[in-house]
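The values are calculated or read from the model by the stated rules, or taken from the named source; none is laboratory data. Please read all numbers here as calculations on a predicted model, not as lab measurements. For neighbour counting, all protein chains shown are included, and Cβ atoms are generated from backbone atoms with ideal geometry for every residue, glycine included. To get the accessible areas, we keep the full protein, side chains included, count just its heavy atoms, and leave off ligands, DNA and RNA. Shrake-Rupley method; radii C 1.70, N 1.55, O 1.52, S 1.80 Å.
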Amino acid sequence: MQDVLPLSSFADGGLAVVVGAGGIGSALATRIAASRRFDKLVLTSRSGEPPPDAAPSVQMRSLDLLDESSIEDLAAYISGLDEPLRLVICATGILHCGEDISPERRLEDISSSQLARVFAVNAFGPLLIAKHLAPLLPRRERSVFAAISARVGSIGDNRLGGWYAYRASKAALNQFLRCVSIELGRRVPAAIVTALHPGTVDTALSSPFQAGVPEKQLFSADHSAARLLEVVDGLGPEDSGGFFAWDGSPIPW
Ligand SMILES: NC(=O)c1ccc[n+]([C@@H]2O[C@H](COP(=O)([O-])OP(=O)(O)OC[C@H]3O[C@@H](n4cnc5c(N)ncnc54)[C@H](OP(=O)(O)O)[C@@H]3O)[C@@H](O)[C@H]2O)c1
């Protein structure tokens, strides 16, 4: 990591939460810890184990999006910390998983069990995070609730087809986030809700699909995390409900 991001749009102190300690989630947590903007940073993984390079200040919690009670436990833990919750980033997702899940190339590859699992993790999971954590966002101070979506979830941008479950689950996630932004506009008006595209990033999720990606377009997790946090830092109230790429450009629905 080179430059430290100040994240100066956030008030000093309070709490940041990153859900998911995969490639991008771990890099986000490292960058957020380095900023020293927040008093506390909570990072979740299914195992509850910290990633190898986790900053000592990071507080690990275990959470499985397929088990809503683990999300309730996280919300109860956060309430008990008695710090204003200023930033939540959901950095979870699946594209492939062992022999059970791999992106569909054609209709014959479709299975209802794969669709159900991918939607449960990619779309329902972040919505359940919003259900339990959004009520903890401060009503009058700026806060951000973001989830990592994917450009391939854009219907307007879909020219290749395929990847049915992943694309459609991200489109559903985008719609869920839009709904959350509208509801929070009434209930927690200072909160900003957004979907983010991280670029093509060198992580376990993308590794089987990197062959055709030009070297310059394959980001390190740290580079993507830094660009995403710059976007998050620059978000204003008018951006709530939007879908933005790593460079801040809006993505069509
Ligand atoms: N890499 C890319 O090129 C790319 C491009 C566009 C969008 N994205 C999106 O970026 C996000 C992060 O992906 P990544 O590239 O960092 O992939 P990754 O390294 O594979 O990380 C995926 C994360 O999802 C978590 N996860 C999976 N199933 C879960 C469940 N049931 N409950 C809780 N957590 C679960 C994993 O948790 P465990 O650590 O517990 O397994 C891990 O933290 C995803 O939403 C992905 O769709 C990535």
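Below, the figures for the structure above:
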quantity	calculated
Hits in the range 203-242 - residues which are of a type in the set (A, V, I, L, M, F, W, C), closer than 22 Å to Trp253 by Cα, in contact with a strand residue (DSSP E or B) (Cβ under 6 Å, 6 or more places away or on another chain) and not in a loop (DSSP other than H, G, I, E, B)	Leu228, Val231, Val232
Enumeration of residues in the range 224-249 that are surrounded by fewer than 21 Cβ atoms within 10 Å (Cβ to Cβ) and farther than 17 Å from Leu7 by Cβ	Pro237, Glu238, Gly241, Gly242, Ala245, Asp247, Ser249
Single residue of Ile78, Ile71 found to be assigned to a helix (DSSP H, G or I) and closer than 20 Å to Ala190 by Cβ	Ile78
The range 164-196, residues that are near the ligand (Cβ under 10 Å from one of its atoms) and not hydrophobic (A, V, I, L, M, F, W, C)	Tyr166, Ser169, Lys170
Which listed residue is part of a loop (DSSP other than H, G, I, E, B), within 16 Å of the ligand (Cβ to nearest atom) and touching a residue at least 24 places away in the same chain (Cβ under 8 Å), from Leu95, Leu128	Leu95
Sole residue being more than 14 Å from the ligand (Cβ to nearest atom), among the small types (Gly, Ala, Ser) and in contact (Cβ under 8 Å) with a residue 12 or more places away in the chain, chosen from Gly156, Gly199, Gly161	Gly156
Single residue of the range 18-37 satisfying the filter (part of a helix (DSSP H, G or I) and within 10 Å of the chain's Cα centre (by Cα)) that is farthest from the ligand (Cβ to nearest atom)	Leu28
The lone exception for Asp247 - which of (1) farther than 27 Å from Ile182 by Cα; (2) of a type in the set (D, E, K, R); (3) in a loop (DSSP other than H, G, I, E, B) it fails	(1)
Residue check for Ser9: crowded, with 17+ Cβ neighbours inside 10 Å and either within 8 Å of the ligand (Cβ to nearest atom) or polar (S, T, N, Q) (or both)	no
In the range 98-112, residue least open to solvent (accessible area, probe 1.4 Å) [restricted to those that are outside any helix (DSSP H, G or I) and of a type in the set (Asp, Glu)]	Glu104
Residue satisfying condition, being under 22 Å from Pro126 (Cβ atoms), touching a residue at least 24 places away in the same chain (Cβ under 8 Å) and in contact with a His (Cβ under 8 Å, 6 or more places away or on another chain), within set Leu28, Leu74, Leu15	Leu74
Condition broken by Leu115, with the remaining ones in (1) away from the ligand (no atom under 11 Å from the Cβ); (2) free of Cβ contacts under 8 Å to residues at least 12 places away in the same chain; (3) not in a loop (DSSP other than H, G, I, E, B) satisfied	(2)
Single residue of Arg178, Arg227, Arg186 found to be farther than 28 Å from His96 by Cα and either free of Cβ contacts under 8 Å to residues at least 12 places away in the same chain or among the basic types (Lys, Arg) (or both)	Arg186
